[in-house]
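This report refers to the structure that appears directly beneath it.
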Amino acid sequence: MIQISNLHKSYAMGSNSLHVLKGLNLEIEEGEFVSIMGSSGSGKSTLLNILGILDDYDRGTYYLGGKLIQGLNETKAAMTRNEMIGFIFQSFNLISFKNAMENVALPLYYQKVSRKKRNQIALEYLDRLGLKEWAGHLPSELSGGQKQRVAIARALISKPQIILADEPTGALDSATSFEVMDILKDINNQGKTVIIVTHEHDIAAMTKKIIRLKDGVIEEVIKNGDLQLFKERILTE
Amino acid sequence: MFDVDVWQEIFSTIKKNKLRTFLTGFSVAWGIFMLMILLGSGNGLQNGVKEQFAENSVNIMWMWTGDTSIPYQGLKEGRTIKFNNADYNFLKEKDEDLELVSSRYYLPGNIMYTYKNEYGSFETSSCHPALKEMEKVKLTSGRFINDLDLNESRKVIVLAENVRKALFKEEDAIGKYVKLNTVPFKVIGVSFDAKRRDGRTSYIPVSTAQRIFNGADRVHTFAITTKMVNTAEEADSITAKVRQGMAQRHKFDPKDKRAMGSFNMLAEYIRTMKIFQAIKIFVWIIGIGTLIAGIVGVSNIMLILVKERTREIGIRKALGASPASVITLVLLESILITTIAGYIGLLVGVGIMEGINYGLEQMLAAGGGERIFFRNPTVDFTTAITSMVILVVSGALAGYLPARKAANVKPIEALRDEN
């Protein structure tokens, strides 16, 4: 699903240039449930932005679903994001003056789906996440967990090939966090590739593969079987 | 562009910021309102002055004579110059710049008008038939002097309405005879001039006047219409040419204003209209200036709006909004605010001017306000349409910068969590 090789990215910081990703190689298969970890400055946000086609990269290659993602103009990038990627953010990023249903329907608006049809589909997705009665509510009238579920419904509605979640539980208490992780697990079980960026070990431990970044390269990859070991090691640290 | 969703998006943001939208719109509405008031007033003033000119043909010219003040070709100054019937023929036949000619012989002293037991002393003008068109003489009944009256020196008279009233009261005057001193004249028409209520002028044929009042072929003044020209210079050169011709016939210096006086209305008319053209340009400059202030306001507000909505725009872009769709959103909102607000300003401005116009018409109909130099102070359809086009274009201009800023919003920066 995702093939990244020798990825370089640096940012201009005034007269200096900050080299963030230094020849990163990464492969994620279809249907994987991956978390990307790393301390701040390790490049995980940069990697997520590149994966989400929100940012360009300097060198290397990035294939998403067999398609080379490189030097796309803004319109093309927006289209590709809309079709292939579902975003989930830490702070939900719902549009405040739109109700839950309209928020969920927004990606379909950019696919030029008719209003009636996309609202109907949005209701279906809200129903699936147990929020049908809240469809007419504004984000300000929803709890954090509900907001994140609306955001997840929004990420799913365009039937993307991968779900990118940036600290999806960062703004939630632990009970709600687990709830959200269960939903993501379900989505993954239905065959969707899910990638989350997190710095919380227990959240990462719920995924099937952990990729630890350090100084712009992958430090280690912990697969499903090793997770138990990883957990123990975390506890001792 | 006529996507229902786009409009719903726009209306939802406008609804969220009612006061701000109102204030922004108000500055634009005010701009266009002032433009309409200024243009309307300018038009009113211009129409008022035009009306004054319209009492006569705009291309009329009057000539009269006096004593020479400059020695000419060995002739001393102080000679009295007199027009005569030959001058009439000369002006009529020889000068291709002239259209209509009418000569006037001043009747000596006050003429006593008598009808039955009623009598009074009134002003009498003698003329050619052409004067009706030149001085826009209006008739309430009967006819004006014609060529036959003139050629046969008929004793006919066109009475001024107030003279008729004084002599005939409620009686119909047409066909009756009025005595001018001792000579009976047949009334052929009644003239009326709303502007000159006290101008008690009646008209008789110039030939009759000369014959009855011992005028021989003496002519005191000429009224002529020149051909229509577009510049004051051309009009002035016609005046000069006519003066040259008369100077040659009567041997005086063409520059001698005392020997022969003349007034060319067309030159004055063109000059006055030029002033109004300048005023109009001035008004447009001020109006557009006011409008620009309003538009800058809109642009400013839209910039703030874009800044406030950076995150929202970031979300939209992450979810697949193309730069074009973001630009459309901002641009349409800007155009919507300016157009609607501007239209309201336009309506109010035009409405007020129409109201003033209505009041003026009422006043004139009631017989007052003839001294007011203000007529039909309204803005025409073309100007209104032009203003609307300017509004839409300026709305687009006002929105362009903020829209471009919005389109350049980077989703990663907009969505970066500040923690």
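The values are calculated or read from the model by the stated rules, or taken from the named source; none is laboratory data. None of these values were measured; they are calculated from a predicted model. For neighbour counting, all protein chains shown are included, and Cβ atoms are generated from backbone atoms with ideal geometry for every residue, glycine included. SASA here: full protein model, heavy atoms, side chains in, ligands and nucleic acids out. Shrake-Rupley method; radii C 1.70, N 1.55, O 1.52, S 1.80 Å.
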Next on the checklist: I want to verify a result. In a Gaussian network model of chain A, Cα cutoff 10 Å, which of these has the top mean-square fluctuation: A:105, A:12, A:77?
Outcome noted: A:12
Checklist entry - Per 10 Å bin, what percent of the C-alpha pairs of the protein assembly as shown does each bin hold, from zero upward? => result 3, 12, 15, 13, 10, 7, 7, 7, 7, 7, 7, 4, 2, 0, 0
Item to check | Highest-MSF residue in chain B out of B:319, B:332, B:148 [GNM, Cα springs under 10 Å] | outcome: B:319
Checklist entry - Averaged per residue, what accessible area in Å² does segment B:127-206 show with a 1.4 Å probe, protein chains only? => result 49
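Using helices alone, I'd like the mean residue ellipticity at 222 nm for chain A: each DSSP H run of four-plus residues gives -39500 (n - 2.57), total over residue count, nearest 500. Intermediate results must be reported in sequence, preceding the final value.
Details: 8 runs with 88 residues, N = 237.
Theoretical 222 nm ellipticity from helices: -11000 deg cm²/dmol.
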Checklist outcome for this item: Between residue B:100 and residues 5 or more places away or on another chain, the pairs with built amide H atoms under 5 Å apart involve B:225
Item to check | Solvent-accessible area, 1.4 Å probe, carbon plus sulfur percent, for segment B:60-266 | outcome: 49
Checklist outcome for this item: Rounded to the nearest 0.05, FRET efficiency between residue B:192 and residue B:249 (Cβ-Cβ, R0 51 Å) equals 0.85
Next on the checklist: At 25 °C and a viscosity of 0.890 mPa s, what translational diffusion coefficient does Stokes-Einstein give for chain B, taking Rh as the Kirkwood radius over Cα pairs? Give it in µm²/s as a whole number.
Outcome noted: 91
Checklist outcome for this item: Rounded to one decimal in nm, the spacing of the 7 Å Cα→Cβ label points at residue B:354 and residue B:76 is 7.1
Item to check | Pairwise label distance in nanometres, residue B:12 with residue B:140, each label 7 Å out on the Cα-Cβ vector | outcome: 7.2
Checklist entry - Under the rule of -39500 (n - 2.57) per DSSP H run of 4 or more residues, summed and divided by the residues of chain B, what mean residue ellipticity at 222 nm is obtained, to the nearest 500 deg cm²/dmol? => result -18500 deg cm²/dmol
Checklist entry - Looking only at segment B:242-256, which residues have a backbone nitrogen under 16 Å from a spot 7 Å from the Cα of residue B:93 in the C-beta direction? => result B:246, B:249
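Viscosity 0.692 mPa s, temperature 37 °C: give me the Stokes-Einstein translational D for chain A in µm²/s, with Rh taken as the Kirkwood radius over C-alpha pairs. Walk me through the intermediate numbers first.
Working: Rh = 18.5 Å.
After rounding, the answer is 178 µm²/s.
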Checklist outcome for this item: Spelling it out for residue A:36: with amide H atoms placed in the peptide plane at 1.01 Å from N, the residues 5 or more places away or on another chain with amide H under 5 Å from its amide H are A:196, A:197, A:198, A:211
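Considering every pair of different Cα atoms, what Kirkwood radius, in Å, is found for segment B:73-135?
Working: mean 1/r = 0.0660 Å⁻¹.
Over segment B:73-135, the inverse of the mean reciprocal pair distance is 15.1 Å.
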Item to check | Binned Cα-Cα distances of segment B:60-266, short to long, each 10 Å bin given as a whole percent | outcome: 8, 32, 32, 20, 7, 1, 0
Checklist outcome for this item: For residue B:84, the residues 5 or more places away or on another chain with a placed amide H closer than 5 Å to its own amide H are B:219
Checklist entry - Expressed in nm to one decimal, what extension gain is obtained for the pair residue A:140 and residue A:40 from 0.36 nm per residue of sequence separation less their Cα-Cα distance? => result 33.0 nm
Checklist entry - Taking R0 as 35 Å, what's the FRET efficiency between residue B:133 and residue B:347 from their Cβ-Cβ distance, rounded to 0.05? => result 0.25
Checklist outcome for this item: chain A, Gaussian network, Cα under 10 Å: of A:73, A:99, A:119, the residue fluctuating most is A:73
Checklist outcome for this item: Within 10 Å of the Cβ of an average residue in A:81-88, the count of other chain Cβ atoms is 3
Checklist entry - At the nearest 100 Å², what buried accessible area, both sides summed, do you get for B and A when the probe is 1.4 Å? => result 2300
Checklist outcome for this item: Restricting to Cα pairs under 8 Å and 6 or more apart, the percent relative contact order of chain B works out to 28
Item to check | List B:128, A:199, ordered by accessible area with a 1.4 Å probe, largest first | outcome: A:199, B:128
Checklist outcome for this item: Averaged over residues of A:47-59, the number of beta carbons from other chains lying within 10 Å of each residue's Cβ is 2
Checklist outcome for this item: Partner shielding of B:319-329, taken as the mean number of other chain Cβ atoms within 10 Å, equals 6
Next on the checklist: Output wanted: per-residue J couplings in Hz (rounded whole) for segment A:88-98, from phi through Karplus 6.51 cos²θ - 1.76 cosθ + 1.60, θ = phi - 60°, x for Gly and Pro.
Outcome noted: 10, 10, 4, 9, 6, 6, 8, 7, 5, 9, 10
Checklist outcome for this item: Once normalised by the length of segment B:34-96, the mean sequence separation of its alpha carbon contacts under 8 Å that are 6 or more apart gives a contact order in percent of 19
Item to check | residue B:19-residue A:174 FRET efficiency (beta carbon distance; Förster radius 35 Å; 0.05 resolution) | outcome: 0.25
Next on the checklist: Once the convex hull of the alpha carbons of segment B:1-123 is built, what does its volume come to per residue, in cubic angstrom?
Outcome noted: 405
